[in-house]
Each structure stands twice: as structure tokens, then as C-alpha cells.
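Down below is the structure, laid out as C-alpha cells.
FYI, it's all coordinate maths here, none of it is from the lab. Keep in mind it's a predicted model, so treat the numbers as computed, not measured. Cβ atoms come from the backbone with ideal geometry, glycine included; neighbour counts cover every protein chain shown.
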Amino acid sequence: MTHAGFADVVTCWVCGGRELRREYDALLDLNVYRDQHPELAAYTGETVWFRKCGTCGFTQPERLPALPGFFDRLYDQLWSPDWVQQEFESDYKDLIFTTILAGLDRRSVVKGRLLDIGAHAGRFIHLAHGAGWMPEGIELNPRTASYASARTGLPVHPVNVEQVQLSGRTYSAITLIDVLEHVPDPLPLLARVGDALQPGGWIVVKVPSGPAQRQKERTRARLHRGYRPRLADNLVHVNHFSPAALVTSFERVGLRATTVEIAPPELPPAHNFGSRASNLLRRSLYLGGRLLPGSVHTPLALNLLAFGQKPS
Ligand SMILES: [Zn+2]
């Protein structure tokens with residue numbers, strides 16, 4: 001089966017710049033979908049280069065699969081109910097979630113309606129509800145969305161963020177946690193999210209740091225012979241934000257008071273000394289890194305957390 005081809009991406013999705021330079025390539029290996037989505041699997045063996053913008057530092061794919069719904073099919077995973085339940089009950093992202101809620105508190109945001117885009121199993125909206133917000137979620141995967149809604153008693157809309165009509169309601173805070181790196185051409189989405197904010201409301205975005213993740217993969221490749229750096233295989237991460245590119249993105253959709261800081265790490269369940277020590281190290285690097293000026297630009301900042309406000 002031949003695939004549906006590619007469409008070139010010729011300008012920077014963040015700043016419109018055309019000075020794009022090849023940095024690294026991503027391999028497509030989608031054989032796992034050959035029964036479920038053969039038209040997706042047909043892209044197996046192709047390579048997509050990622051190019052960095054000379055103006056703003058954002059890095060993005062040189063071309064995208066032309067197959068309509070490519071990314072919907074890519075994320076059409078059939079999670080097991082047990083796994084979804086575990087995702088709700090596990091606390092490995094709680095330091096991220098509580099840091100976001102504390103960041104909103106520090107900005108004296110009135111605790112009204114909060115929308116979590118990419119709500120997954122619903123743990124964040126559950127914690128936000130406990131902290132006094134009126135949360136709801138959007139979740140692409142229908143099974144995960146219905147679990148999240150049943151488990152939390154909160155509204156979780158089973159829709160694609162591209163299709164959702166946000167204009168009906170407004171929110172005092174909207175969160176995109178581990179979402180924006182997956183959405184090609186992210187600024188139109190950010191602009192629609194901004195439209196759904198009340199004046200004075202806040203957007204919170206957590207994404208991997210493009211430059212720091214690249215440094216980490218290069219170091220790994222140096223330490224382990226034969227290791228191939230993987231930054232974007234299967235186009236799972238299409239947007240690689242530097243701190244500057246994140247600030248530019250927020251500015252371009254009219255947000256202000258933008259800050260970018262190091263995001264807290266995930267802390268996987270620790271069942272033995274080694275994994276407890278590893279979590280302690282992650283936490284120490286994060287807490288230490290926060291204190292260093294300019295640390296958001298160092299390899300310590302593997303993930304970025306940005307806040308931006310809609311003008312009143
Ligand atoms: Zn750019």
C-alpha cells in the first residue's frame with residue numbers, strides 16, 4: 001500500500017520566519033497500526049526532518065503526512081480500562097499539577113471555571129476541584145473521557161481540540177499540560193484558547209523544552225554506543241519549543257505578563273532504593289534549578305511551564 005504523501009511546511013509556525021535549518025530527523029515506524037489503520041502504517045520507513053527557525057528558535061517538521069486525520073489515527077489507542085484507572089490513581093504527575101494550581105493562586109486568579117485541555121484520566125481536574133475550582137475537561141479519547149467524567153463527576157467533553165467550539169463559554173483559567181507539543185501549527189489553537197478566556201484570565205502551558213531534550217538525547221547517544229537520539233519519531237512531538245519560542249507564541253496571540261519557568265518532573269512510582277534515589281535526584285535538580293538565574297535555558301530545564309494572561 002502506498003501512502004498519501006506529504007505536504008511541505010515552509011514557514012515557522014510561531015513567528016512566520018522562513019529561515020529554517022535542518023537539525024535532526026524523525027523515523028516513522030507505524031507497523032503497529034497495520035490492522036487498525038493500514039493507511040497510517042503505509043508511512044513506515046519514511047523520514048521527516050525537523051528544522052529550527054533562525055528567528056525564534058522554534059523547531060518543527062519540514063513536512064507533514066497529507067493523510068487526513070493522520071494524528072487522530074495516531075492517538076486512537078485502545079487503552080485498557082485498568083491502565084486508565086491506574087493513570088487516574090497514580091500520583092506521578094502531582095508535583096506538576098500542584099505547582100500549576102499554586103502558580104494560579106500566586107497570580108490571585110479568581111477561582112471560577114477552569115478548562116483542562118487534554119484532561120486524560122481526569123486526575124488534574126479532580127485535584128483542581130478539591131482546590132476550589134469549577135473544572136471541566138476536553139479529552140480526545142472517548143473511553144478515557146468517559147472514565148474521567150464518571151470518576152470525577154465533572155464534565156469531560158470527548159472531542160478533538162481542533163474541532164471543539166470553545167466560544168460558547170468562558171473560563172478564568174485554561175490549562176494545556178503535555179498537549180501543545182502534539183498539535184501541528186499550534187498558534188491557531190492558542191488563539192482560540194485565548195478567545196475562551198475571560199478578560200484577565202490565565203493560560204497555563206506545560207511542554208518539553210526542545211533544546212534541553214535535544215541535549216539530553218545527545219548525551220545519551222555519547223554514553224551508549226549505538227543509541228539513536230529520538231526526539232520526534234513517529235511525529236509524536238511535532239512542536240519543539242525553546243523558552244523564547246514559547247514567549248513569542250504567547251505574545252503573538254495577545255497574552256501578556258508571560259513567564260516561563262522550569263516545569264517540575266514526573267516522579268514515577270518508586271518501589272525500590274534505586275527508583276527512590278532517582279526521584280530524589282529529579283526533585284533536587286528541579287528545586288535547585290529553579291533557584292539559578294537563567295536556568296530555564298540550561299539542560300536542567302527538561303520541561304517548561306508558561307503562564308500568560310489575557311488583558312482585562
Ligand atoms: Zn520562528
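Here are a few things to note about the model shown:
- Whole-Hz Karplus values for the range 58-74 come out as 5, 10, 8, x, 6, 8, 10, x, 7, 4, x, x, 3, 6, 4, 5, 4 Hz, taken residue by residue from phi with 6.51 cos²θ - 1.76 cosθ + 1.60 and θ = phi - 60°; glycine and proline positions read x.
- Highest-MSF residue in the chain out of Asp72, Asp25, Asp195 [GNM, Cα springs under 10 Å]: Asp72
- Under 18 Å between alpha carbons - lysine pairs in the chain that sit 8 or more apart or on different chains: 4
- Neighbours of Ser149 by Cβ distance under 15 Å: Lys/Arg scored +1, Asp/Glu scored -1, total -1.
- Under 15 Å, Cβ to Cβ, from Leu101 - net charge with Lys/Arg +1 and Asp/Glu -1: +2
- When the chain is treated as a GNM with alpha-carbon contacts under 10 Å, the residue of Ala196, Ala41, Ala26 showing the greatest mean-square fluctuation is Ala41.
- Take every DSSP beta bridge whose two residues both sit in the chain; close to 60 percent of them are antiparallel.
- With contacts taken as Cα pairs under 8 Å at a separation of at least 6 residues, the chain carries a relative contact order of 18 percent.
- Candidates Ala131, Ala212, Ala173: whichever shows maximal mean-square fluctuation once the chain is modelled as a Gaussian network with Cα springs under 10 Å: Ala131
- Counting only DSSP beta bridges whose two residues both lie in the range 82-179, roughly 0 percent are antiparallel.
- Two-site FRET efficiency, Ala221 against Thr2, from Cβ-Cβ distance with R₀ of 22 Å, rounded to 0.05: 0.10
- Modelled this way, with points 7 Å down the Cα-to-C-beta line, the labels at Asp25 and Tyr75 are 2.8 nm from one another.
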